[in-house]
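Working notes, beginning with the structure itself.
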Amino acid sequence: MGLDSLFHDVLTQRESAIPYHFEHALAERYPERHHVHTTTYLDVAGFVRAGECTLELQERPRPGFDWFVAGEGERLVRSLSHAAYRVTWQGQGLDLFRLTYKVKGCRTVRHIAVADEPSAAKGFMLACASWSTTLRQEIWRFADGQWDKSQELYASIHKASFDDLVLAGDLKQRIVDDFDAFLGGRETYERYNIPFKRGVLLVGPPGNGKTHCVKAIVRRLGLPCLYVQTLKTAYDSIDSCIRRVFERARRSAPCVLILEDLDAMITPGCRSVFLNELDGFADNDGVITLATTNHPDRLDPAIVARPSRFDVKYHFLPPSSPERMAYLRMRNDHLEASVRLGDGDLEALVEATSGFSFAYLKELVVSSTLQWVAAGRKTALRGAFDEMVVALREQMNSAPPEELTGCAICEQEDGTAGEMMAFDSVEVCEACVGWVAQRAAAEGIG
């Protein structure tokens, strides 16, 4: 194979034979030099940005690029799929080849370092791999069948706090206490031979604080975080992706593994593999699996009902009057003192927003304030709030029928537990059963 056509000649081979032909071609071209091969994740560009080495893209063999659309169709971005580089690392020069190909539909990236001395090839690969797998104000993100590191998600997590999270009753404190007790009790778990792992499921309709709570938990714990964005990929099976997710979690332990919208992620076809990885023979010591679901009824009972899988479930339901008041008061305190709403205005808004989720309350505050500023602050801020309440109420009422659950609480009916329990016709979904019990106890209802 000629150098100019190296990548073309290799990639036109049978997919299972591509690694062999690639390595054989380089061995023929550089018979006196030492080669080190790996498919381990290497963030070579990050290694360069950190000043650990220098990198020069070579024109021969001709590099290849993958193109993809970034953002909301805003721009085209290209990414190198195969290329040759000249590397300088710790005063030593070497050549680095990158090849991207598929094996049984699974995207694979192979790097080969070629150097005069074996210590240079091995040393560079080990140093780059070690650097690439160390988190630096980043979290691990799993998408498209592979792991990468995300600074954006890390920044988003570190903006979240329990201080600006409003939840019903003592729910916030119970969550904090539960995680603090778990992390502080490792010696007790080991002394009594209890597996040191925890599964926590946050349950409830969208817009009521689950994602904010997940971020606040991760920030408070300070453990490595692994976020699963999706298990679906065009390159591999979901079963294989699930195995790779838990393999990384075990290597990263103690850590937090986040599975958001679990009901959409785990299907009947992959349920068995998921259960085996979550609670099978493998040792998940130190792994905290933190999952959320908007639709617990779509999850198999083997996932939600067995204690050893998700030991604790917390219910996040639409805010009642006290929570709406607490949230609106908190946001009101962030406004300039001269334009803050008075207590009477806040009470009226609490009454007017019956059935609003926290997401709708946030939209109310943000949109009303922006609309008021855009209008030149010519009227009282309260008027902008009143107009936006009407607009958001219309938006809620126009929600497609498929988004409704049939549950009185999920469908934003405000009221006490006593009022909910007073009518035989009121339906309450599984996610809200715990909430009704908590409210009933608080209201002294037997």
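Every number in this text was worked out from the coordinates using simple rules, so none of it is lab data. A quick note: this is a predicted structure, and the numbers were derived from the prediction, not measured. Reconstructed Cβ throughout: ideal geometry from the backbone, glycine too, with neighbour counts over all protein chains shown.
The table below lists the values:
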{"item": "Rounded, prolate or oblate (a/c below 1.5 giving rounded, otherwise prolate when a/b exceeds b/c) for segment 151-315 by Cα gyration tensor", "result": "rounded"}
{"item": "Contour excess over end-to-end distance, with Cα ends at L335 and A181 and 0.36 nm allotted per residue", "result": "51.8 nm"}
{"item": "Cβ-derived FRET efficiency at R0 60 Å, L370 paired with F281, nearest 0.05", "result": "0.65"}
{"item": "Rg/Rh ratio calculated on Cα atoms of segment 100-151 (Kirkwood radius)", "result": "1.07"}
{"item": "Residue-by-residue Karplus 3J(HN,Hα) for segment 113-120, coefficients 6.51, -1.76, 1.60, Hz, glycine and proline x", "result": "9, 10, 9, 5, 10, x, 5, 5"}
{"item": "Segment 1-147, relative contact order [Cα under 8 Å, separation at least 6], %", "result": "26"}
{"item": "Residues E277, E28, sorted so that the one with the fewest Cβ neighbours within 10 Å comes first", "result": "E28, E277"}
{"item": "Vicinal HN-Hα couplings computed from phi for segment 31-42 (Karplus, 6.51 cos²θ - 1.76 cosθ + 1.60; Hz; Gly/Pro x)", "result": "x, 9, 9, 9, 10, 10, 10, 7, 10, 5, 4, 10"}
{"item": "Convex hull volume per residue for segment 6-134, taking Cα atoms only, in Å³", "result": "125"}
{"item": "Summed residue charge, Cβ within 10 Å of W372's Cβ, Lys/Arg positive, Asp/Glu negative", "result": "+2"}
{"item": "Rounded to whole Å, sorted largest first: equivalent-ellipsoid semi-axes of segment 11-62, Cα gyration tensor", "result": "25, 15, 12"}
{"item": "Fully extended contour minus Cα-Cα distance, from S16 to D300, at 0.36 nm per residue", "result": "98.5 nm"}
{"item": "Base-10 log of normalised Debye intensity for the chain (one unit scatterer per alpha-carbon) at q = 0.07, 0.09, 0.11, 0.12 Å⁻¹", "result": "-0.50, -0.76, -1.00, -1.11"}
{"item": "GNM result for the chain, Cα springs below 10 Å: residue of G204, G342, G355 fluctuating most strongly", "result": "G342"}
{"item": "Angle in degrees between helix 238-252 and the longest Cα principal axis of the chain, rounded to the nearest 10", "result": "90"}
{"item": "S79 paired with E190, simple spin-label distance in nm, labels 7 Å along Cα-to-beta-carbon", "result": "4.0"}
{"item": "Subset of K172/K210; K149/K362; K102/K232; K159/K313; K159/K197 violating a 18 Å alpha-carbon distance limit", "result": "K149/K362; K159/K313; K159/K197"}
{"item": "Exposure proxy order (Cβ contacts within 10 Å, fewest to most) of K197, K232", "result": "K232, K197"}
{"item": "Vicinal HN-Hα couplings computed from phi for segment 45-58 (Karplus, 6.51 cos²θ - 1.76 cosθ + 1.60; Hz; Gly/Pro x)", "result": "4, x, 4, 5, 4, 6, x, 7, 7, 10, 9, 10, 5, 8"}
{"item": "Cα long-axis angle, helix 18-29 against the chain (0 to 90 degrees, to the nearest 10)", "result": "40"}
{"item": "Value of [θ]222 nm, deg cm²/dmol, for the chain, DSSP H segments ≥ 4, -39500 (n - 2.57) each, nearest 500", "result": "-12500 deg cm²/dmol"}
{"item": "Likely footprinting exposure, L381, L55, L76, fewest C-beta neighbours within 10 Å first", "result": "L76, L55, L381"}
{"item": "Summed side-chain charge close to F162 - residues other than F162 whose Cβ falls under 9 Å, Lys, Arg +1, Asp, Glu -1", "result": "+1"}
{"item": "Separation of alpha-carbon centers, segment 360-377 and segment 149-189, rounded to whole Å", "result": "30"}
{"item": "Measure of compaction for segment 193-235 (Cα Rg per 2.2 N^0.38 Å)", "result": "1.51"}
